[in-house]
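Novice: I'd like to ask you about the structure that follows.
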Amino acid sequence: MTPHDPTTTGRSRAPVIQKLLGDPRVAQARLGRRIGRLPYFTRVESATGPLTRMEGRDILNFGSNNYLGLANDARVIAAAQEASARWGAGVTGSRLLNGNLALHEELEEALRRFYGRTGAMVFSTGYGANLGLMSSLLGRNDRAWVDEEMHASVLDGVWLARATMKRFAHNDPEDLLSQATQEDLPGLCVVEGVYSMRGDRAPLRRFLEVCRATRLALIVDEAHGLGTVGERGLGTVEEEGIVQDADFITVTFSKSLGSCGGAIIGDADQIEALRVLTRPFLFTASNTPASVAAALAALRILQTEPELVRELKARVSSLREALTARGLRPLPSDGPIVSVEVGADFDTLQAWRLLWNRGIYANPVIHPAVPAGRGLLRLSVMRTHEAQMVHTVADACADVFSDLQLSQQGQGKVTS
């Protein structure tokens, strides 16, 4: 018997606890651990860089969102250390009460200037930013038109608002137009500048046209676009020329900025309204000083060194070219996420395990994150990856897909 066995305490489990433990996903996780094929919650034992200490060994890391390598930048680390020394380890409260540091406002000012907008609002997480924005804008009688591959933070925000959620086909503004013209009700449309699983980008200019025609507010999540797309790294909104036209832009600090947190960027009057209406902002502790200072330092580096974005793009291109040269067909994208379709969930997990055995860490993406039978091997590129690392992972992927008989020359399940 284990300490958690209720028979050791004489306490029976309530039905809600039994339901929790009986969820099929729990059984799948237990099975994965037993057979050594659970690719999640991997223990990281060093700073996250191209080579990362994981589970007792140095691993070639192609599964991190540290796209620009700024999480390891000495200037960013120094800013975090200095902030902790000055402001303390934490703020011990919400921004509504005692946690509104001058540091938070400084970051908001820097973000709004970076995007050329008049308002910005910093959250403890990027998840919280989307959750707060959705739940504040929407009500019971509103509609949220959401891409079918949208991040969970947006979905949860819509559910929290008790609004009606409408899903349109991935990256398909014409499907949105077809559906939205049938309902003349208040609502909004949410898309991602760069999608987190496939790495593809939204056609934002056309989405903007559809939203204007159907009177929908347009919200663009640039979690994976900030620092990776556009000449200055503003994201797909910059590439498509709609920085000023999107009603709101949301970002996260946990990827290109190498920290933790998130923000909503928009017009000043709208941001001021959100400050007094957004429960996930009002009733949670604000960001720690170290995380805010790190994000601010990283943002300033990005502003003064836009060549970092070009260097990342070059590294991404080299990986895509290397994979293609070896007979693989990564999904179309020019963002930092390079995904190759594997197929069945089991095969996807097996591909991850084979790479792990070779000392390479990647992200397996299985159902329900993607449609059943469309599992992906997801490679995230960092600017700090060396050329040899790119060739090493490309060689390994080619061998793995050959072993699984899923390469372009094999069963033809690797699609473009």
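Each value in this text was obtained by applying a stated rule to the coordinates, not by laboratory testing. What you see is a predicted model; the values in this text were computed from it and never measured. Every residue, glycine among them, receives a Cβ derived from its backbone with ideal geometry; neighbour counts consider all protein chains shown.
Novice: When DSSP beta bridges are limited to those with both residues in the chain, what percentage is antiparallel, rounded to the nearest 5?
Specialist: That works out to approximately 55 percent antiparallel.
Novice: Okay, next question. Hey, can you rank 166-177, 80-91, 251-262, 142-153 by average C-beta count inside 10 Å, highest first?
Specialist: Ranked from most to least packed, the peptides come out as 251-262, 142-153, 166-177, 80-91.
Novice: Normalized C-alpha radius of gyration of region 74-304, against 2.2 N^0.38 Å?
Specialist: 0.99
Novice: Here is a follow-up. Order of 221, 200 from fewest to most other C-beta atoms within 10 Å?
Specialist: Going from least to most buried by this count: 200, 221.
Novice: Which value in deg cm²/dmol, rounded to the nearest 500, describes the helix-derived mean residue ellipticity at 222 nm for the chain, given -39,500 (n - 2.57) per DSSP H run of n ≥ 4 and division by the residue count?
Specialist: After summing the helix terms and dividing by residue count, I get -12500 deg cm²/dmol.
Novice: Find, to one decimal place in angstroms, the Kirkwood hydrodynamic radius of the chain, where the mean of 1/r is taken over every pair of different Cα atoms and then inverted.
Specialist: With all distinct Cα pairs of the chain included, I get 22.7 Å.
Novice: Let me ask something else about it. Just report the Cα centroid separation between region 328-381 and region 140-205, whole Å.
Specialist: One Cα centre to the other: 25 Å.
Novice: Kindly provide the GluC sites (Glu not before Pro) of region 233-288 that DSSP labels as loop, not H, G, I, E or B, and whose Cβ sees at most 16 other Cβ atoms within 10 Å.
Specialist: none
Novice: Continuing with this model, one more query. Taking neighbour Cβ counts within 10 Å as the exposure measure, how do 115, 127, 67, 40 sort from fewest upward? Each step should come with its number before you reach the end.
Specialist: Details: 115 25, 127 20, 67 29, 40 10.
Arranged by neighbour count, lowest to highest, 115, 127, 67, 40 become 40, 127, 115, 67.
Novice: Given an 8 Å cut-off on Cα distances and at least 6 residues of separation, report the relative contact order of the chain as a percent. It would help to have the intermediate numbers written out before the result.
Specialist: Numbers: 852 pairs, mean separation 84.7, N = 416.
Rounded, it is 20 percent for the chain.
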